[in-house]
Amino acid sequence: MVARINSYELAYRMQTTAAEVVEVDKEDEKTKELYGLNNKLTADFGRKCLITRRLLEKGVRFIQLYSGGGHIEDTWDGHTDCINNHKLHAGETDQPIAALMTDLKRTGLWDETLLIWGGEFGRTPTSEGVGKPGRDHNPYGFSIWLSGAGVKGGQAIGATDELGFRAVEDPCHISDLHATILDLMGLDHTRLTFFYQGLNQRLTGVRGKVIEKVKA
């Protein structure tokens, strides 16, 4: 019972403290326009990105944003019509992301903020059948981008085959990505171990190496 009460009290304190941060109407019109709050297409994700900047200014150390929601076409899961699906969601997020990056540079937060954009898989280079413009899941070749603190920008690391199906040039395992993120945060993933079931386990599993090309 005590734990339940503490949980509710924590939730209350978080919500009352956050009220000022999420009040984006106090931002000037130039900033609202930068994030696309005046455009129905970009307003929702733009608000999330603007709140992200305000949270960072308050010292919040980890922020996770979601693009999409619901089921299939409400997300990036383009089984029905991949081209129109991605066109829609890219349109929703492109300007707000650019605005956040611009704002972080303006406020001086860029050099201490690591931005990571990605999902859990890509899409196949082929449709799901004749007359079906959707694409299936593809875990063998997809991209994730990083920018900000410690990242060397302006480069693409690796490439897929001629079909765009499988990573064949400088392929990176998800554990490599995790190791790199930890390294950019100043943490050595090989030292973050814990003994479990007779083995020294770690956050990156039994593999993972830092992708040195990512680092500035």
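The values are calculated or read from the model by the stated rules, or taken from the named source; none is laboratory data. Because the structure is a prediction, the values reported are computed rather than measured. Positions of Cβ are generated from backbone atoms using ideal geometry, with glycine treated the same way; all protein chains shown enter the neighbour counts.
No other residue among GLU23, GLU33 is at pLDDT 95 or above, within 22 Å of LEU109 (Cα to Cα), among the charged types (D, E, K, R) and surrounded by 10 or more Cβ atoms within 10 Å (Cβ to Cβ) apart from GLU33. Scan the range 189-208 and give yes if some residue there is of a type in the set (A, V, I, L, M, F, W, C), in a loop (DSSP other than H, G, I, E, B) and touching a His at 6+ places or on another chain (Cβ under 9 Å), otherwise no. Taking every residue of the range 189-208 in turn, at least one turns out to be of a type in the set (A, V, I, L, M, F, W, C), in a loop (DSSP other than H, G, I, E, B) and touching a His at 6+ places or on another chain (Cβ under 9 Å). Residues that are under 30 Å from LYS26 (Cα atoms) and out of contact with any Phe, Trp or Tyr (no Cβ under 7 Å at 6 or more places or on another chain): does the range 115-126 have at least one? Taking every residue of the range 115-126 in turn, at least one turns out to be under 30 Å from LYS26 (Cα atoms) and out of contact with any Phe, Trp or Tyr (no Cβ under 7 Å at 6 or more places or on another chain). Going residue by residue through the range 132-139, is there one that turns out to be acidic (Asp, Glu) and under 30 Å from ASP81 (Cβ atoms)? Yes, that holds for at least one residue. Exactly one residue out of THR160, THR102 is exposed (fewer than 15 other Cβ atoms within 10 Å of the Cβ), modelled with pLDDT of 95 or more and at negative phi: that is THR102.
Being under 19 Å from the mean Cα position of the chain (by Cα) and either hydroxyl-bearing (Ser, Thr, Tyr) or not in a loop (DSSP other than H, G, I, E, B) (or both) holds for only one residue in THR31, THR52, THR17, and it is THR52.
Of ASP28, ASP81, all but one fail to be closer than 30 Å to GLY134 by Cα and among the acidic types (Asp, Glu); the exception is ASP81.
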